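Below is one structure, written out as structure tokens; the observations come after it.
The values are calculated or read from the model by the stated rules, or taken from the named source; none is laboratory data. Source: prediction; values computed, not measured. Glycine gets a Cβ as well: all are built from the backbone with ideal geometry, and neighbour counts include every protein chain shown. Heads up: the accessible areas ignore ligands, DNA and RNA and are worked out on the full protein's heavy atoms, side chains in. Shrake-Rupley method; radii C 1.70, N 1.55, O 1.52, S 1.80 Å.
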Amino acid sequence: MNTGILSATLAFLCWGLFPLYFHAIGDVPPLQILAHRVLWSLLFLVIVLAVRRQWAWLNLVRRPRVFGSFVASALLLSINWLIYIWAVNNGHVIESSLGYFINPLVNIMFGSMLLKERLRRAQWMAIGVAALGVAWLTWQAGTVPWVALALAISFGGYGLLRKTAALGALEGLSFETMVLFPLAAAYVVWLSVHGQNAFINTESNTTRGLLVAAGPITAIPLVLFAAGARKIPMSVLGLLQYLSPTMQFLLGVWLFHEAFTAARLVGFVLIWLALALYAAEGLLNRPQPVAREA
């Protein structure tokens, strides 16, 4: 269990530092970053799969239902990535962190609406408090926090599809990047033909190196997460997942100096209260180990 906690913690710490990475390549347009993320991720994943000789799963994706579900999950993943990249590079790190704070509550709402999972009273209360927080932020800003909601809903939908997916984390991400590869490759070729490919045009070798690094930066946290998730209880994993948005929030406030007024703090406090209620409810209702006779 200790190695599982370590693996999961490292994964969430990596994701929490993502704003630093995307901010470092902020001169590259978000859609180009997304395209390169797909290209270099696929290259890295193919190398990993080749080393592990892990190809048997390709037989599964020939089934129409499996293929269709991963096309849908690839679309949601690309939308989530694109919105997140745009948000970080346009001064919305705090709002993007809000999206991932809200995400667990979106997950349980999707479970109730689409999987017919029965929610307990405290879970409904958590959703209600979170909705109150979003309503407060909307009223204060005069506009819906669409970045946060779009990130939470797209990743919640992605998680819903992956919950019942036929492939594991590594294989699933590999196939999703395979689905996105033709579009990403065609876009990069089009950019190159029109002289707009930032990878070629940039004078910074650092930028090129960081774009190539998108492969391992994307895949390694996912592999760590998958390894950790198999070894630790869901209740522990659920608490660890708040490391990432907390780190992103702190980066937005302290490093990127994004505006964070007292009125905005009230909305965040309501969201955090909802998450505390959700976490406490999960801990209180987790299955108890069965006592064994001596």
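Quick rundown of the values:
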item: D (Stokes-Einstein, µm²/s), Kirkwood Cα radius, region 86-171, 0.890 mPa s at 25 °C; result: 174 µm²/s
item: Carbon + sulfur, % of accessible area of region 1-157 - ligands and nucleic acids excluded, 1.4 Å; result: 68 percent
item: Pairwise centroid distance, computed over Cα atoms, of region 207-226 with region 97-158, Å; result: 28 Å
item: The chain: most fluctuating residue of Asn80, Asn59, Asn201 per GNM, C-alpha cutoff 10 Å; result: Asn59
item: Accessible area expressed per residue, the chain, with surrounding protein chains retained (probe 1.4 Å, Å²); result: 52 Å²
item: Approximate spin-label separation Trp55-Gln196, in nm, with each point projected 7 Å along Cα-to-Cβ; result: 3.7 nm
item: Longest segment of the chain lacking GluC sites (Glu not before Pro) that sit in a DSSP loop with at most 10 other Cβ atoms within 10 Å; result: 1-202
item: DSSP H segments from the chain that extend 20 Å or more along their own axis, Cα-based, with Kyte-Doolittle mean of -0.5 or above; result: 2-16, 30-52, 64-89, 93-114, 121-141, 146-163, 169-193, 214-229, 262-284
item: Cut-off under 5 Å, modelled amide H: who pairs with Asn197 long-range; result: Ser192
item: Directionally averaged shadow of the chain, computed from the convex hull of its alpha-carbon atoms, nm²; result: 18.7 nm²
item: Magnitude of the charge dipole, region 64-168, Cβ model with Lys/Arg +1 and Asp/Glu -1, debye to 20; result: 480 debye
